[in-house]
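Novice: Submitted below is the structure of interest, expressed as structure tokens.
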Amino acid sequence: MKTSDRPPTRYADDATGRLPAQVSTFIGRSRELADVETLVGQSRLVTLTGPGGSGKTRLAIAVAARLHDAGLAVDFVELAPITDDSLAVGAIAAALGVREAPDESLLDALIRRAQNGESVLLLDNLEQIAGIGELVSELLSRSPGLRVLATSRIPLHVRGEREYPVEPLPEADAVTLFADRASAVRPDGALSAAQPAIAAICARLDGLPLAIELAAARTRVFGPEALLARLDRRLAVTVDGSADAPVRQRTLRSAIAWSVELLDEPERRLFAAAATFAGSFGLEAFEAVASDATGQESTTEIETGLQQLVEHNLVRATPGPHGEPRFRLLETIREFGLEQQSAGERAVFRDRHLRYYVELAERSEKELRGPNQAATLRRLTADQADIRAALAWALETGRDELLVRLAAALRRRFWFEAGGLAEGKRWLDAAVALDGADAAPYRAKVLQRAAWIVWEMGDGERAAALFEASLAAAAVDDHLSRFEAAIGLSYRAIQAGGSRLDEATAKLAQAIEHARRSGSPGALVEPLIARAHLAEASGDREQAAAYFEEARAAALAAGDIWAAAEASVVLGGIALGAGDLTRALSVLEECARLAAESGDLGIVAEAMTGVTVALTRLGRLAPAREQLLAAVDEVGGRVNPVTDVFLLEAAGYWLATVGAHAASAEAWAAVERHGAGHRWPESPDEERARRHLLTTARDELGPIAFELAWTSGKARTAQSALAAARNAAEAVDLDQIVTRPKAKSRFDLTAREQEVLALVTAGMTDGEIAESLFISKKTASVHVANVKAKLGASTRVEIATIALRDEL
């Protein structure tokens with residue numbers, strides 16, 4: 001039904017649709033206005049639902065006004081004061097001016113009135129009238145030209161109903177509404193400078209129009225900054241409403257109480273239980289906290305009660321990460337719910353809440369290294385607000401055992417995704433500080449978790465001390481704790497280098513032994529990866545590759561795709577450094593897939609940057625750029641500055657290759673500034689490649705232009721530098737780049753073999769070649785033998801002769 005296509009239909013006593021006059025402007029909701037107007041044209045019953053204060057009535061009136069302006073007859077009926085079913089017909093009839101006749105019932109008279117052409121009946125606030133659905137259904141069935149637009153905190157559940165949930169205002173509309181209403185009581189122009197505070201106020205008030213209007217009225221006394229400081233108690237701030245507003249809307253507390261009063265007693269207890277949750281929650285969590293809240297054990301009772309809370313718009317339902325629904329309360333409604341809890345109820349609910357999340361974290365701990373790790377991580381991350389609340393309650397009430405168990409069960413991957421490593425460190429510091437008998441059985445584990453966190457934050461010395469303490473606290477037969485502590489200490493030794501590498505070898509031997517004795521699936525993965533890093537740090541890349549291959553195979557066998565990705569990214573880097581570009585490309589592309597499946601965006605970034613470099617070195621500049629831009633768009637700025645450094649390195653390499661030397665220099669300068677977060681030093685190959693690129697850029701630009709570009713890049717944040725590098729890469733016209741492909745040698749030497757050839761020609765021995773290329777003497781000898789075989793030479797002199805003759 002298009003209202004514009006139909007001639008106007010008016011009642012003889014039409015009074016501009018009998019809509020209540022609005023003394024303030026209607027702000028925002030342009031999409032909702034259009035949506036609801038369309039729905040009224042498509043369905044004869046549209047119900048706007050939402051929590052108290054969400055603006056259902058104002059939206060409905062605005063839609064009705066548009067329908068009236070388009071030619072429809074519109075009537076408005078306020079039903080909030082009516083609670084008795086038998087009074088509903090009379091209230092509607094009175095609002096429409098319909099009178100009962102001696103030979104006709106009031107309902108029949110009302111229907112006769114509604115049959116006078118096409119019209120819209122706006123019924124406002126229906127939730128408290130139990131039988132209203134039957135009345136609306138009869139009105140519609142007997143009046144073909146009638147359409148009903150209703151507002152209710154719950155749907156009517158009648159045939160043909162189209163429900164339209166009214167969401168809180170988006171930030172921009174909420175800020176505009178606050179500013180408009182505040183300017184009416186504070187017209188001094190002081191609001192323009194307080195936009196950040198106003199935005200924060202609107203966010204804290206959940207974007208609820210009623211709450212925003214009530215808070216704006218308080219600016220008569222308090223400026224936005226002062227008002228924001230008082231918003232820890234939202235309901236206390238939003239107390240003053242307009243004198244001409246209905247009683248239930250004069251305070252936000254009254255608006256929420258109006259909804260709660262419609263619940264029966266068991267549902268009210270469930271509402272109080274739901275207020276325990278700090279964030280969104282699943283059905284299992286709610287059942288754990290709300291058990292006995294209805295006075296019964298039945299899960300069905302709890303589920304039914306929760307559904308009623310959703311129906312009344314006190315609880316919101318949204319799709320969860322596994323397709324299961326998740327639920328949450330708007331903070332203003334949650335605050336009211338917390339006030340409904342008695343002191344005893346609060347303690348019971350919070351204790352159940354704490355125990356549930358301890359058990360959830362402990363169940364999830366092993367899954368974070370198994371086949372379901374990505375799904376497990378998403379579920380834990382969705383629960384981060386309640387995990388934080390559980391930790392806080394344990395600390396507040398002295399539940400030492402539960403605090404330590406919960407902190408120890410949360411691996412560092414959770415804190416990467418959730419509150420951040422710094423928050424994880426704070427909770428682990430609190431857990432480490434507990435040394436009573438309750439915490440003792442978990443002390444070795446919590447020390448270990450704290451050690452890994454501070455290691456990731458770059459404090460190697462503190463990490464080593466915590467690993468040592470963990471090792472000392474571990475029982476003799478606690479092989480898992482002992483081998484993880486040994487791994488941590490070996491990484492510290494690898495980082496220190498020099499004579500500490502022998503110490504690392506010994507520590508890893510212990511770790512591998514403990515892992516074998518633990519019998520845990522996949523327990524060998526981490527020590528093997530650490531052993532591979534040790535081999536790489538010692539300069540033996542072939543041995544490192546062998547260990548990484550073994551670790552990857554063990555990880556895949558155990559279903560630990562994250563560890564498989566971790567091993568694969570280094571394997572790809574080793575192949576890249578050795579010049580085996582085809583192998584590097586294959587391994588790194590597979591690594592990116594595994595890392596994405598595991599949910600680790602950091603490894604995704606490393607893998608995608610490796611793919612970019614491999615494609616660039618293969619001369620496939622267009623797909624290399626495509627990969628680079630995709631990497632920046634997918635993970636840039638989403639993990640941490642170190643991940644952005646990986647992306648900047650790849651960008652700098654690609655830009656230098658295509659001759660965009662100024663942009664390349666800027667990218668490498670940002671790498672130098674922000675690259676301190678790397679755990680591992682540059683490999684010799686990486687260092688040589690970077691020096692060559694920078695030398696070329698300086699030669700091409702000249703010293704002054706190079707220094708300007710370098711200074712500009714070094715002044716940028718990691719994200720700003722990455723954005724600049726991305727824009728520079730996107731702007732390059734590859735069609736204008738003149739490339740001269742190198743003539744392919746008939747001897748088909750690899751990049752590493754060409755390096756060895758040059759050093760042999762320069763007269764170096766195998767030992768000198770090994771030292772120059774940072775490889776073992778055995779590996780150097782193998783490369784020399786391969787060069788001899790490919791050139792058909794029998795001596796080093798013949799190698800040099802052929803190289804000079806063929807300009808190799």
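Novice: Has the stretch 752-766 got at least one residue that is closer than 21 Å to residue 665 by Cβ, modelled with pLDDT of 80 or more and of a type in the set (D, E, K, R)? Walk me through it before giving the result.
Specialist: Step one: of the stretch 752-766, the residues closer than 21 Å to residue 665 by Cβ are none.
No, the conditions are met nowhere in the stretch 752-766.
Novice: Return the pairs, sorted by first residue and then second, in which the second residue is open to solvent by 80 Å² or more (accessible area, probe 1.4 Å), the first residue lies in the stretch 697-712 and is in a helix (DSSP H, G or I), the beta carbons are less than 7 Å apart, and the residues are 6+ apart or on different chains.
Specialist: Cβ pairs passing all conditions: 706/698.
Novice: For residue 128, indicate whether it is open to solvent by less than 40 Å² (accessible area, probe 1.4 Å), among the polar types (S, T, N, Q) and closer than 23 Å to residue 45 by Cα. Walk me through how you get there before you give the answer.
Specialist: Values: open to solvent by less than 40 Å² (accessible area, probe 1.4 Å): yes; among the polar types (S, T, N, Q): yes; closer than 23 Å to residue 45 by Cα: yes.
So residue 128 fits the description; yes.
Novice: Still on this structure, please answer the following. All but one of (1) open to solvent by 40 Å² or more (accessible area, probe 1.4 Å); (2) modelled with pLDDT of 90 or more hold for residue 39; state the number of the condition that does not hold.
Specialist: Tallying (1) open to solvent by 40 Å² or more (accessible area, probe 1.4 Å); (2) modelled with pLDDT of 90 or more, residue 39 fails exactly one: (1).
Novice: Return the residue satisfying two criteria in turn: it lies in the stretch 206-256 and is part of a loop (DSSP other than H, G, I, E, B) and of a type in the set (Val, Ile, Thr), and of such residues it is modelled with the highest pLDDT. Before the answer, list the steps.
Specialist: Quick first cut of the stretch 206-256, residues part of a loop (DSSP other than H, G, I, E, B) only: 206-208, 221-223, 230-233, 238-246, 250-251.
With the extra rule that they be of a type in the set (Val, Ile, Thr), the set shrinks to 221, 238-239, 251.
Values: 221: 73, 238: 57, 239: 49, 251: 62.
Among them, the one singled out is 221.
Novice: With respect to the numbered conditions (1) surrounded by fewer than 19 Cβ atoms within 10 Å (Cβ to Cβ); (2) farther than 24 Å from residue 59 by Cα, which one is the sole condition not fulfilled by residue 160?
Specialist: (2)
Novice: For the stretch 2-36, name all the residues that are open to solvent by less than 80 Å² (accessible area, probe 1.4 Å), among the aliphatic types (A, V, I, L, M) and either under 38 Å from the mean Cα position of the chain (by Cα) or at pLDDT below 80 (or both).
Specialist: The answer is 15, 27, 33, 34, 36.
Novice: When the residues of the stretch 79-106 are filtered to those that are open to solvent by 40 Å² or more (accessible area, probe 1.4 Å) and under 49 Å from the mean Cα position of the chain (by Cα), which remaining residue is modelled with the lowest pLDDT?
Specialist: My answer is 81.
Novice: Out of all the residues in the stretch 352-374, which are assigned to a helix (DSSP H, G or I) and either among the charged types (D, E, K, R) or open to solvent by 10 Å² or more (accessible area, probe 1.4 Å) (or both)?
Specialist: Residues of the stretch 352-374 assigned to a helix (DSSP H, G or I): 352-367, 373-374.
Correct list: 352, 355, 356, 359, 362, 363, 365, 366, 367, 374.
Novice: What residue, among those in the stretch 724-733 that are assigned to a helix (DSSP H, G or I) and in contact (Cβ under 8 Å) with a residue 12 or more places away in the chain, is farthest from residue 625 (Cα to Cα)?
Specialist: The initial filter retains those residues of the stretch 724-733 that are assigned to a helix (DSSP H, G or I), namely 724-731.
Now drop any that are not in contact (Cβ under 8 Å) with a residue 12 or more places away in the chain, which leaves 724-726, 728-730.
On the way: 724: 14, 725: 11, 726: 9, 728: 11, 729: 7, 730: 8 Å.
Checking each candidate, the answer is 724.
Novice: If residue 141 meets every condition in (1) assigned to a helix (DSSP H, G or I); (2) at pLDDT below 90; (3) polar (S, T, N, Q) apart from one, which number is that one?
Specialist: (2)
Novice: Let me ask something additional. Kindly indicate whether residue 489 is over 22 Å from residue 563 (Cα atoms) and either modelled with pLDDT under 85 or open to solvent by less than 50 Å² (accessible area, probe 1.4 Å) (or both).
Specialist: Details: over 22 Å from residue 563 (Cα atoms): no; either modelled with pLDDT under 85 or open to solvent by less than 50 Å² (accessible area, probe 1.4 Å) (or both): yes.
So residue 489 fails the test.
Novice: Pairs, please: C-beta under 8 Å, at least 6 apart or cross-chain, first residue of a type in the set (D, E, K, R) and in the stretch 43-72, second assigned to a helix (DSSP H, G or I) and crowded, with 24+ Cβ neighbours inside 10 Å?
Specialist: Every condition considered, the pairs that remain are 58/209.
Novice: Further question: Looking at residue 312 and the list (1) modelled with pLDDT of 90 or more; (2) over 22 Å from the mean Cα position of the chain (by Cα), which single condition is not satisfied?
Specialist: (1)
Novice: I'm checking my understanding of the structure. Among residues of the stretch 184-205 that are assigned to a loop (DSSP other than H, G, I, E, B) and farther than 16 Å from residue 172 by Cβ, which one is modelled with the highest pLDDT? Show your work before the answer.
Specialist: Quick first cut of the stretch 184-205, residues assigned to a loop (DSSP other than H, G, I, E, B) only: 186-191, 205.
Narrowing the set further to residues that are farther than 16 Å from residue 172 by Cβ leaves 186-190.
Values: 186: 74, 187: 68, 188: 64, 189: 61, 190: 62.
It comes out as 186.
Novice: Just checking, does the stretch 564-577 include any residue being out of contact with any Asp or Glu (no Cβ under 7 Å at 6 or more places or on another chain), under 26 Å from residue 767 (Cβ atoms), of a type in the set (Val, Ile, Thr) and free of Cβ contacts under 8 Å to residues at least 40 places away in the same chain?
Specialist: yes
Novice: Taking the condition open to solvent by less than 30 Å² (accessible area, probe 1.4 Å) and modelled with pLDDT under 85, does residue 572 pass? Give the derivation first.
Specialist: Working: open to solvent by less than 30 Å² (accessible area, probe 1.4 Å): yes; modelled with pLDDT under 85: no.
No.
Novice: Which of (1) open to solvent by 40 Å² or more (accessible area, probe 1.4 Å); (2) modelled with pLDDT of 75 or more; (3) among the small types (Gly, Ala, Ser) does residue 498 not meet, given it meets every other one?
Specialist: With (1) open to solvent by 40 Å² or more (accessible area, probe 1.4 Å); (2) modelled with pLDDT of 75 or more; (3) among the small types (Gly, Ala, Ser) applied to residue 498, the lone miss is (2).
Novice: Looking at the stretch 409-423, is at least one residue at pLDDT 90 or above and open to solvent by less than 40 Å² (accessible area, probe 1.4 Å)? Please lay out each step first, then the result.
Specialist: Kept after step one, since they are at pLDDT 90 or above, are these residues of the stretch 409-423: 409-410.
Keeping just the survivors that are open to solvent by less than 40 Å² (accessible area, probe 1.4 Å) gives 409-410.
Yes.
The values are calculated or read from the model by the stated rules, or taken from the named source; none is laboratory data. Keep in mind that what you see is a predicted model, and the values were worked out from it rather than measured. FYI the Cβ positions are ideal-geometry reconstructions off the backbone, even for glycines, and counts take in every protein chain you see. Only protein heavy atoms, including side chains, enter the accessible area calculation; ligands, DNA and RNA are left aside. Shrake-Rupley method; radii C 1.70, N 1.55, O 1.52, S 1.80 Å.
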